Amino acid sequence: WVEAVDQLYNRPDSEPLQYCILTAFAAPLFSLFGSNGGVTVYAHSQGSGYGKTTAQKVGLSAWGNPEDMLLTDFTNNALLKHIGVMGNLPVVIDEMTNAPSAFVSELVYTMSTGRGKARLTQGAAMAPTLNWATLCMGSGNATLTEKLSAHRTNAQGEMMRVFEFTLTKK
């Protein structure tokens, strides 16, 4: 694994792809801050074929089968459950280009809180809530900050919870 990753990604101008891979290694370290929560890390490019998804899958492969861990089709409730189950492991949402602005806003804010939705049981008691302390990686061909700005007039709060970077084709 190390030799293959070194051969593929240890090249000049590959730093953004290296960052995608290393984010998966950094995710469990987030728990060392001593509280729940997380940050959304987003890789953006002008189109397809830049290697975003592949690099994210390489990072996930350090923790298990990336095909089983990569989120591509899910409901909002399933997403929160997945993040909670992953706990301190990285969460990767592939291809957020067409994600609605409201979804992106909720994801970024909820990811930073470190806990799922509060729910009641049938007996009106509080149901257990899943918590996390990790990083959520996303990728797409549209910037996340533009989506957040489109959702509300003042999106500074959500934007402060996102680390976004752009990949260029080499």
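For every residue, the table says whether it meets (1) hydrophobic (A, V, I, L, M, F, W, C); (2) within 17 Å of the chain's Cα centre (by Cα); (3) at negative phi.
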residue: THR121; (1), (2), (3): no, no, yes
residue: THR129; (1), (2), (3): no, no, yes
residue: TRP132; (1), (2), (3): yes, yes, yes
residue: CYS136; (1), (2), (3): yes, yes, yes
residue: LEU144; (1), (2), (3): yes, yes, yes
residue: SER149; (1), (2), (3): no, no, yes
residue: ARG152; (1), (2), (3): no, no, yes
residue: MET160; (1), (2), (3): yes, yes, yes
residue: THR166; (1), (2), (3): no, yes, yes
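When HIS44 is tested against the conditions (1) of a type outside the set (Val, Ile, Thr); (2) closer than 13 Å to THR134 by Cα; (3) touching a residue at least 12 places away in the same chain (Cβ under 8 Å), the lone failure is (2). Kindly provide the set of residues from region 43-56 that are part of a strand (DSSP E or B) and either within 24 Å of ALA4 (Cα to Cα) or over 13 Å from the mean Cα position of the chain (by Cα) (or both), ordered by number. Once the filter is applied, which keeps residues that are part of a strand (DSSP E or B) and either within 24 Å of ALA4 (Cα to Cα) or over 13 Å from the mean Cα position of the chain (by Cα) (or both), region 43-56 yields only ALA43. Among the residues of region 42-54, are any open to solvent by 30 Å² or more (accessible area, probe 1.4 Å) and among the aliphatic types (A, V, I, L, M)? Checked against the condition, which is being open to solvent by 30 Å² or more (accessible area, probe 1.4 Å) and among the aliphatic types (A, V, I, L, M), region 42-54 yields no hits at all. Of the residues making up region 1-13, those that are open to solvent by less than 100 Å² (accessible area, probe 1.4 Å) and without any contact (Cβ under 8 Å) to a residue 12 or more places away in the chain are ALA4, ASP6.
How about region 1-42: which of its residues are part of a helix (DSSP H, G or I), of a type in the set (S, T, N, Q) and under 22 Å from VAL91 (Cβ atoms)?
If the condition is that a residue be part of a helix (DSSP H, G or I), of a type in the set (S, T, N, Q) and under 22 Å from VAL91 (Cβ atoms), then GLN18, THR23, SER31 are the ones that fit.
Within this structure, GLY34 passes the test of being closer than 26 Å to MET111 by Cα, of a type in the set (Gly, Ala, Ser) and surrounded by fewer than 17 Cβ atoms within 10 Å (Cβ to Cβ).
Would you confirm whether or not region 99-108 contains a residue that is open to solvent by 20 Å² or more (accessible area, probe 1.4 Å), modelled with pLDDT of 90 or more and either under 21 Å from ALA142 (Cβ atoms) or under 12 Å from the mean Cα position of the chain (by Cα) (or both)? No; the residues of region 99-108 include none that is open to solvent by 20 Å² or more (accessible area, probe 1.4 Å), modelled with pLDDT of 90 or more and either under 21 Å from ALA142 (Cβ atoms) or under 12 Å from the mean Cα position of the chain (by Cα) (or both). Taking the criterion of being open to solvent by less than 70 Å² (accessible area, probe 1.4 Å) and either over 25 Å from PRO16 (Cα atoms) or over 12 Å from the mean Cα position of the chain (by Cα) (or both), the residues of region 60-85 that qualify are SER61, ALA62, GLY64, PRO66, PHE74, ASN76, ALA78, LEU79, LEU80, HIS82, GLY84.
Scanning region 118-170 for residues that are among the charged types (D, E, K, R) and either surrounded by 14 or more Cβ atoms within 10 Å (Cβ to Cβ) or free of Cβ contacts under 8 Å to residues at least 40 places away in the same chain (or both) yields ARG119, GLU146, LYS147, GLU158, ARG161, GLU164.
The values are calculated or read from the model by the stated rules, or taken from the named source; none is laboratory data. Keep in mind that what you see is a predicted model, and the values were worked out from it rather than measured. Backbone-built Cβ (ideal geometry, glycine too); neighbour counts: all protein chains shown. Note: areas computed on protein heavy atoms with side chains; ligands, DNA, RNA excluded. Shrake-Rupley method; radii C 1.70, N 1.55, O 1.52, S 1.80 Å.
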